[in-house]
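Only one structure is covered here, and it is reproduced in the block below.
The values are calculated or read from the model by the stated rules, or taken from the named source; none is laboratory data. Since this is a predicted model, take the numbers as computed values, not measurements. Cβ: placed from backbone, ideal geometry, glycine included. Neighbour counts: every protein chain shown.
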Amino acid sequence: MRDTVDRQRRAFWLKHLHRWHWISSAVSLVALLLFSVTGFTLNHAARIEASPAVSRFAATLPAPLLRQLTDPGAKSAPVPPAVAEFVRSETGARIEARAGDWSDDEVYVSLPRPGGDAWVAIDRENGDVQYEVTDRGWLAWLNDLHKGRNTGAVWSAFIDVFALACLVFAVTGLVLLKMHAAQRGMTWPMVALGFVLPVVIALVFIH
């Protein structure tokens, strides 16, 4: 009777562990492949050459809009909506609600993005608008996704969900290893190797 209860309990846990193991692996599969590839490219970033492409756009604010660039009373503040709309229509830069750095002679709006950079500078004296975009290529874009660099709140939340799915995948895998270890003699030596190897490398080779 005792053996029957133990087998039923084991079957119950195996069923649910396998279910959560495959669900977490399915959720994290594509992202895990992405992060594995970009982990390799980031590790060899110095050997992978990139040729940034720089695009520049220019426009001039009409006098009525230029007069709207009055001192906002703070060193960091968005430009007026009408000015932002003009900049977008003439150069393609979206600076709505973006805080700009205000000085006596210009407003500078930084527009960082994955895989590149961009900025807008508006001269407060003559209304000259300069918009520059730097694109470092798709590989730099993927690397920045890996790092979560300038990717916004939604991608940051996705990384949190992905990390949680990987944690579930790893923990359920570890428990499944434990439940099958009696039939697989090399289970714990391999787990120990996976733990000891990075520790030894870190202690011996990282200065």
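Kindly state which strands (runs of 3 or more DSSP E) lie completely within segment 17-116 and contain at least 2 residues that are hydrophobic (A, V, I, L, M, F, W, C), surrounded by fewer than 15 Cβ atoms within 10 Å (Cβ to Cβ) and in contact with a strand residue (DSSP E or B) (Cβ under 7 Å, 6 or more places away or on another chain).
Filter on segment 17-116 gives 53-60.
Out of (1) without any contact (Cβ under 8 Å) to a residue 60 or more places away in the chain; (2) within 19 Å of Phe35 (Cβ to Cβ); (3) not basic (Lys, Arg), what's the single condition that is false for Glu125?
(2)
So if I check each of Val200, Val168, which one is modelled with pLDDT of 90 or more, among the aliphatic types (A, V, I, L, M) and over 24 Å from the mean Cα position of the chain (by Cα)?
Val200
Here is a yes/no grid of residues against (1) outside the structural domain of Thr91 (by TED's automatic domain parsing); (2) part of a loop (DSSP other than H, G, I, E, B); (3) of a type in the set (D, E, K, R):
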{"residue": "Ala118", "(1), (2), (3)": "no, no, no"}
{"residue": "Glu125", "(1), (2), (3)": "no, yes, yes"}
{"residue": "Tyr131", "(1), (2), (3)": "no, no, no"}
{"residue": "Ala157", "(1), (2), (3)": "yes, no, no"}
{"residue": "Val161", "(1), (2), (3)": "yes, no, no"}
{"residue": "Leu164", "(1), (2), (3)": "yes, no, no"}
{"residue": "Ala170", "(1), (2), (3)": "yes, no, no"}
{"residue": "Met179", "(1), (2), (3)": "yes, no, no"}
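Checking the condition modelled with pLDDT of 90 or more and of a type in the set (A, V, I, L, M), which residue from Val191, Val133, Val175 passes?
Only one candidate qualifies: Val133.
Residue-by-condition table, conditions (1) over 15 Å from Trp141 (Cα atoms); (2) of a type outside the set (Ser, Thr, Tyr); (3) out of contact with any helix residue (DSSP H, G or I) (no Cβ under 6 Å at 6 or more places or on another chain); (4) not assigned by TED's automatic domain parsing to the domain that holds Leu167:
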| position | (1), (2), (3), (4) |
| --- | --- |
| His21 | yes, yes, no, no |
| Ser24 | yes, no, no, no |
| Val27 | yes, yes, no, no |
| Ala31 | no, yes, no, no |
| Leu34 | no, yes, yes, no |
| Gly39 | no, yes, yes, no |
| Leu42 | no, yes, no, no |
| Ala58 | yes, yes, yes, yes |
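Only one of these conditions is not met by Arg9: (1) at pLDDT below 85; (2) not in a helix (DSSP H, G or I); (3) not aromatic (Phe, Trp, Tyr). Which number is it?
(2)
Counting just the residues of segment 133-160 that are in contact (Cβ under 8 Å) with a residue 24 or more places away in the chain and aliphatic (A, V, I, L, M), which one comes out nearest to Val54 (Cα to Cα)?
Val133
Kindly list the number of the only condition in (1) under 26 Å from Val37 (Cβ atoms); (2) free of Cβ contacts under 8 Å to residues at least 40 places away in the same chain that fails for Gln183.
Answer for Gln183: the failing condition is (1).
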